Amino acid sequence: MSRWSLARQFFLAQLVFIVVLSASLSVILYLDAARGVNDAAAERMVAVSTSIALEPAVLDAVRGPDPSASLQPYAVEVMDRLGVDFITIMATDRTRFTHRNPEEIGRPYIGSVAEALTGTTHSETYAGTLGPSIRAIVPVVDDTGTVQAMVASGITVDRAAIARNAQLPLVAVIALGALALGALASFLLSRRLRDATLGMGPAELSRTFVFYDSVLHSVREGLLLTDAAGRLVLYNDQAARLLGLDGSQEPVPASHLAVPPSLRELLSSGRRALDEVHVTESRVLVVNQEPAVPPTPPGRTAPAPGALGTVTTLRDHTEIEALTGQVETMRTLTDALRSQTHEHANRLHTIVSLVELGRDAEAVDFATRDLQQSQRLTDEVVQAVDEPFIAALLVGKAAQANERGIELTSDIAPDAQAGSLHPVDLVTVIGNLLDNAFDEAARSEEPRVRLTVRRAMDGDGAQVLEIVVEDSGNGLPDSEKARIFDFGYSTKPACEAEGGTPAGRGIGLALVRQAVRRFAGSIAVTDTDDGGARFTVRLPVAPVAGRVGA
């Protein structure tokens, strides 16, 4: 029995309970019917005895010289007419005047007479000459209230049992009806329980719960269960940390979560998701989601019901994306250095060609002007920026812009120092903004990009490092300004991949936003006067005590 399913054990237990209940109900109904029959018989005998005792002829007869002569025929007639087993009219000393068996006339009455002698009606079940009987004894009194005789009438218990047994079919119908309805209800409940427990037994359910609970709280990924109404009904500690929940395990509507709208929509919709990337205020989450569809219970061929909700896993890729950002930063620096190397190689080839042509003076003049221009750009950047990573980035980007035919102008204020800001994150912000601006400006007739870095004051009077990158591209519609920083979203038409997202695109600006958020800064996109796009980044910095690297 221990291997039986919980539903089967429940059904058998309920069936035993219903059988016991039906048997108990039958006994109670039978005893109640018997009591009712006995009470009704006693009341009937009281009525019969009272009617005879109130008859004036009975009082006259008991006062006469031979009471039995007139009372016996009268009693027999009443017994036959009313179906009473005996009617005994007796003297106060118990001497019978009448009896069903004439031979008992003159003999003493067997039964209780004390109550009748005091003028009180009394009923009882007593074993007399005819066997156990239900009887009533009523006094016969004269006008002064004196007891002159007594009347006892009764029916045997066997005859009362006939009336009682007549109630047995009704008792049986009620008991069988209760048994049938109880068994049917137990069967339906057991089927519902079997569907709910998937046909598993108590041991299997207990083991499954223990294992699932252990898995839920031991996995490092966030795991949460959402019901059909879009409420989070169960989640582990990692999911609570990633979604900012308090861990109370109270059902929480997905629409109330403090997460980006795209993630709220995914959790509320219940749709399937495979490795979708969603960026929160401080994290990059990879989300997988599947509907929770219960399997068909054993022995059932009907299709399983619809989805009960969804199972969602959350993987924290924040550290991986941070590494990706560093790789992107190194790639930006590499591209900048490659462009600078390519540009210097072209200039060196020009100088060598002039020397080979015997135009030494022109070669010296070209080399001198190139050296002065490169040194001037380097001096301007180095004097304005005290961080070698950023200085190298800007020098390389200037070469990259020149290689692509883009006019890059820089306006870096002398006090625009990084301060407490991490240089790698600044390279991520400036490098990706410039890359995005180069791509947009390259599609315009007069490609221009302007970089401005300066100190400013925010609305609270605190100092911020303001980085502004403007391009001469076609700008951004308002509908795209809200999505331009989403991970994987891009407006570039080249290299379209499956799903309409450009392959390898949609990463740079998402990394910029992540870096800005780490600094507790802000980023905004507006339009320039000539129709291009302007990206403005404000990063909180400590006040500068003195200019560094001047």
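The values are calculated or read from the model by the stated rules, or taken from the named source; none is laboratory data. Because the structure is predicted, anything quoted here is derived from the model rather than measured. When we count neighbours, we look across all protein chains shown, and the Cβ atoms used for this are built from the backbone with ideal geometry, even at glycine.
Summary of computed values
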read-out: Conditions (1) at pLDDT below 85; (2) within 29 Å of Leu285 (Cα to Cα); (3) not aliphatic (A, V, I, L, M): number failed by Gly521; value: (1)
read-out: Set Ala437, Ala456: member being of a type in the set (A, V, I, L, M) and either part of a loop (DSSP other than H, G, I, E, B) or within 14 Å of Gly521 (Cα to Cα) (or both); value: Ala456
read-out: Residue match in the range 373-391 (condition: modelled with pLDDT of 65 or more, of a type in the set (Gly, Ala, Ser) and farther than 23 Å from Thr428 by Cα); value: no
read-out: Only one of Glu445, Glu470, Glu403 that is in the same structural domain as Val512 (by TED's automatic domain parsing) and touching a His at 6+ places or on another chain (Cβ under 7 Å); value: Glu403
read-out: Residue list for the range 451-467, filter: surrounded by fewer than 19 Cβ atoms within 10 Å (Cβ to Cβ) and of a type outside the set (Ser, Thr, Tyr); value: Arg454, Arg455, Ala456, Met457, Asp458, Gly459, Asp460, Gly461, Ala462, Gln463
read-out: Complete set of residues in the range 108-155 that are assigned to a strand (DSSP E or B) and of a type in the set (Val, Ile, Thr); value: Thr125, Ile134, Ile137, Val138, Val140, Val141, Val147, Val151, Ile155
read-out: Hey, Ala149 small (Gly, Ala, Ser), modelled with pLDDT of 75 or more and in the same structural domain as Val113 (by TED's automatic domain parsing) or not; value: yes
read-out: Residue check, Ala47 within 18 Å of Ala136 (Cα to Cα) and at pLDDT 90 or above; value: yes
read-out: Among (1) assigned to a strand (DSSP E or B); (2) at pLDDT below 80 - the single one Gly549 does not satisfy; value: (1)
read-out: In the range 468-479, residue modelled with the lowest pLDDT [restricted to those that are touching a Gly at 6+ places or on another chain (Cβ under 7 Å) and surrounded by 17 or more Cβ atoms within 10 Å (Cβ to Cβ)]; value: Gly475
read-out: Test for Gln249: is it farther than 24 Å from Phe485 by Cβ and at pLDDT below 80; value: yes
read-out: Index of the failed condition, Leu285 passing every other in (1) at pLDDT below 80; (2) of a type outside the set (Gly, Ala, Ser); (3) in contact with a His (Cβ under 6 Å, 6 or more places away or on another chain); value: (1)
read-out: Condition met for Ala482 (surrounded by 19 or more Cβ atoms within 10 Å (Cβ to Cβ), at pLDDT 70 or above and assigned by TED's automatic domain parsing to the domain that holds Arg404); value: no
read-out: Scope the range 257-272; condition outside any helix (DSSP H, G or I) and touching a residue at least 60 places away in the same chain (Cβ under 8 Å); matching residues; value: none
